[in-house]
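The values are calculated or read from the model by the stated rules, or taken from the named source; none is laboratory data. These figures come from a predicted structure and were not determined experimentally. Cβ: placed from backbone, ideal geometry, glycine included. Neighbour counts: every protein chain shown. The area values use the complete protein model at the heavy-atom level, side chains included, leaving out ligands, DNA and RNA. Shrake-Rupley method; radii C 1.70, N 1.55, O 1.52, S 1.80 Å.
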Amino acid sequence: TYSGHPVGCAAAIAALQIARERRVWENASLRGEQLLMGLQVLSQKHAIIGEVQGKGLMARVELVSDRQSKTPIDPNTGQRIFEAILERGIMVRVSDSSIGLAPPLIIEADQIEQIIHALDDALFEMAPR
């Protein structure tokens, strides 16, 4: 079986050791703050963003057709936005009415900026006006 297999356990121990040596949690904290700030700036630019939530490098952008009532966008718009983001080289999760982000813990500052720019461009291009 695979559960508790010595080879799998050795790989996990090695990965944990590398994470400790490189102190990846420090980078994740800094890049998470950068990501959340960038998403909050986007929420001020795009009326389609209802709310931004995040902790560390996990974030969620709620997409709405009306901010006041928090009416979710229609699923077709969500799919079009997902495709527009993907065309810009960024992989996100899109449910019917939200964008989920969870970049790797070792992401760099310029890569966070690429994510923010891709979302900005895609939302500008695809969001209903």
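The figures follow:
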item: Candidate set from the stretch 27-40 (those that are more than 14 Å from residue 60 (Cα to Cα) and out of contact with any helix residue (DSSP H, G or I) (no Cβ under 6 Å at 6 or more places or on another chain)); member that is least open to solvent (accessible area, probe 1.4 Å); result: 28
item: Output for the stretch 81-95, where each listed residue is in a loop (DSSP other than H, G, I, E, B), out of contact with any Asp or Glu (no Cβ under 9 Å at 6 or more places or on another chain) and open to solvent by 30 Å² or more (accessible area, probe 1.4 Å); result: 89, 91, 95
item: Residue match in the stretch 54-71 (condition: farther than 24 Å from residue 104 by Cα, β-branched (Val, Ile, Thr) and under 21 Å from the mean Cα position of the chain (by Cα)); result: yes
item: Residues within the stretch 96-129 that are touching a strand residue (DSSP E or B) at 6+ places or on another chain (Cβ under 9 Å) and open to solvent by 60 Å² or more (accessible area, probe 1.4 Å), tallied; result: 2
item: Meets criteria (surrounded by 13 or more Cβ atoms within 10 Å (Cβ to Cβ), modelled with pLDDT of 95 or more and of a type in the set (D, E, K, R)) for residue 60; result: yes
item: Contacts under 8 angstrom Cβ, first residue in the stretch 100-129 being over 14 Å from residue 38 (Cα atoms), partner among the polar types (S, T, N, Q) and buried (at least 18 other Cβ atoms within 10 Å of the Cβ), 6 or more apart; result: 126/77; 127/77; 128/77
item: Residue in the stretch 107-125 that is in a loop (DSSP other than H, G, I, E, B), out of contact with any helix residue (DSSP H, G or I) (no Cβ under 7 Å at 6 or more places or on another chain) and not charged (D, E, K, R) present; result: no
item: Sole exception among (1) open to solvent by 30 Å² or more (accessible area, probe 1.4 Å); (2) in contact (Cβ under 8 Å) with a residue 60 or more places away in the chain; (3) over 14 Å from the mean Cα position of the chain (by Cα) for residue 46, by number; result: (1)
item: Residue match in the stretch 70-80 (condition: without any contact (Cβ under 8 Å) to a residue 12 or more places away in the chain, open to solvent by less than 70 Å² (accessible area, probe 1.4 Å), under 23 Å from residue 119 (Cβ atoms) and not in a helix (DSSP H, G or I)); result: yes
